[in-house]
Every structure is written in C-alpha cells, then in structure tokens.
Amino acid sequence: MKVAQPKVTQPKGFALIFVMVLIVTFFGTGIVYGAGQKAIRKFPIPEHGTLELNVPTSWKVEVHKPQEKMPPTLIFKPASGDDFQVLVTVLWSNKGEPDFNSQSKVRTFVEKDGQNLLPKTVETKIVLQEIKGVNNIGYYFSITDKAPNPGEYRYMNRGAIGVGNLLLNATILHRVKESESVKDALSMLREARQILK
C-alpha cells in the first residue's frame, strides 16, 4: 500500500504520524487496520529476523518451539471455542540453499504432502491452488477426512509459501466447510513478510 508523504506545511499531521510510529515500535504490537479487525503480529525467528503476519485481532496465538534455534510452530485459535485451528511452521534451509523455497520446490513439496494424505480423504485427487504472495507464489489444497474421530476436524487445507528465505508450512483445520478462517489464514500467508535486521 502506498502511503502519501506528509507535506512540510502540515507539521501537525507529521507529528501525529511520528508519534504513532513511536507507539507501534515501543509496544511491538503492530498497526491495527480498519476497525480493529486485523493487526500485524511480529514473531522473532532464530537467526532469520522477524516474521510479520497480518492476523485477525480476535485470534489467539501460541508459539510452540521444541528447542532453541529449532523451527517454531505458530498456533492460531479463535478467541473462544474450537471452530478452527491454524498451524504455521516456519522452516529454513540449514544448508543455506538459495532455491530452498522456490515456487517449483514448494509446489512439489505441497503435492507430495497431499498425495500422502489422499488415502484418508473423501477426495480422489489433490487439486492445487495458488497462493499469490507479496513476492512469491505458494500452493495449497483442500481435503475432507473420510472418518474423523469424535472431536477431530473434518476439513483441512494444507499448503506452503516462500517468504524471504523462509518457508511457511501451513495447516488449516476447520469444522465448517466454507469457514471464514480459511480466507483469513490464506490472506495472512499472502501478506506475510520477513524483516531481516
């Protein structure tokens, strides 16, 4: 989004913008958009800067990191209940491969993942759809569990997208087929940014 530069003749507007930037920087909670529906959340990634995600403000988030310097998994849930769960595992190449998260490798990765799950699904084939991100294109698919156990989610979307030198591997679990959480999660992946300092 292009932001108009403040004019020299409007020092009050400039001061307000400056104060807002200071507040955002100080609290590290990000910028709230619109009527408080989404906000930028920042997640430090070991030796890979910060991952910025534009997340619905009603979502709760937990960061699961089994060990220091290991890939973290971000777990997003609704403010109450368990209608959905979004898991995003942040991966990187330990060998520093420049094409680790290239479009072709991401497509192959997601397609293999889908083929492995196919025996347990209602669907008879995996249909990949694009996630057009800020700088990269990722892929995802939608599947339905043939026989979910009590309490388990019936619907799942899985996919991945390259962001900077990271790979975001996402699983969206939901109880309602046309869940709004899927749109929100895909939007979050599309807008994801890596900030290196």
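Looking only at the stretch 83-106, count every residue that is of a type in the set (D, E, K, R) and surrounded by 15 or more Cβ atoms within 10 Å (Cβ to Cβ) and tell me the total. Selection size over the stretch 83-106: 2.
Taken together, Asn157, Asn165 contain a single residue that is of a type outside the set (A, V, I, L, M) and more than 16 Å from Lys132 (Cβ to Cβ), which is Asn165. Of all residues in the stretch 126-150, those that are farther than 19 Å from Gly164 by Cβ have Cβ atoms under 9 Å from Cβ atoms of residues that are of a type in the set (Asp, Glu) and assigned to a loop (DSSP other than H, G, I, E, B), 6 or more apart or on another chain, in Phe141/Glu123; Ser142/Glu123; Ile143/Glu123; Thr144/Glu123; Asp145/Glu152.
Of everything in the stretch 139-176 that's β-branched (Val, Ile, Thr) and surrounded by fewer than 17 Cβ atoms within 10 Å (Cβ to Cβ), which residue is farthest from Glu97 (Cα to Cα)?
Looking at residues that are β-branched (Val, Ile, Thr) and surrounded by fewer than 17 Cβ atoms within 10 Å (Cβ to Cβ), I get Val176.
Quick check: is even one residue across the stretch 84-93 without any contact (Cβ under 8 Å) to a residue 60 or more places away in the chain and either assigned to a strand (DSSP E or B) or among the polar types (S, T, N, Q) (or both)? There is no residue in the stretch 84-93 that is without any contact (Cβ under 8 Å) to a residue 60 or more places away in the chain and either assigned to a strand (DSSP E or B) or among the polar types (S, T, N, Q) (or both). Residues of the stretch 32-85 that are closer than 18 Å to Lys183 by Cβ and acidic (Asp, Glu): Asp83 alone. Checking each residue in the stretch 94-125 for being of a type in the set (A, V, I, L, M, F, W, C), within 17 Å of Leu166 (Cβ to Cβ) and either modelled with pLDDT under 95 or part of a loop (DSSP other than H, G, I, E, B) (or both) picks out only Phe100. Scanning the stretch 59-74 for residues that are assigned to a loop (DSSP other than H, G, I, E, B) and touching a strand residue (DSSP E or B) at 6+ places or on another chain (Cβ under 9 Å) yields Trp59, Lys65, Pro66, Pro71, Pro72. Is it true that some residue in the stretch 77-84 is within 23 Å of Gly164 (Cβ to Cβ) and aromatic (Phe, Trp, Tyr)? No.
The values are calculated or read from the model by the stated rules, or taken from the named source; none is laboratory data. Model, not experiment: these values are computed from the prediction. As a convention, Cβ positions derive from the backbone with ideal geometry for all residues, glycine included, and neighbour counts pool all protein chains shown.
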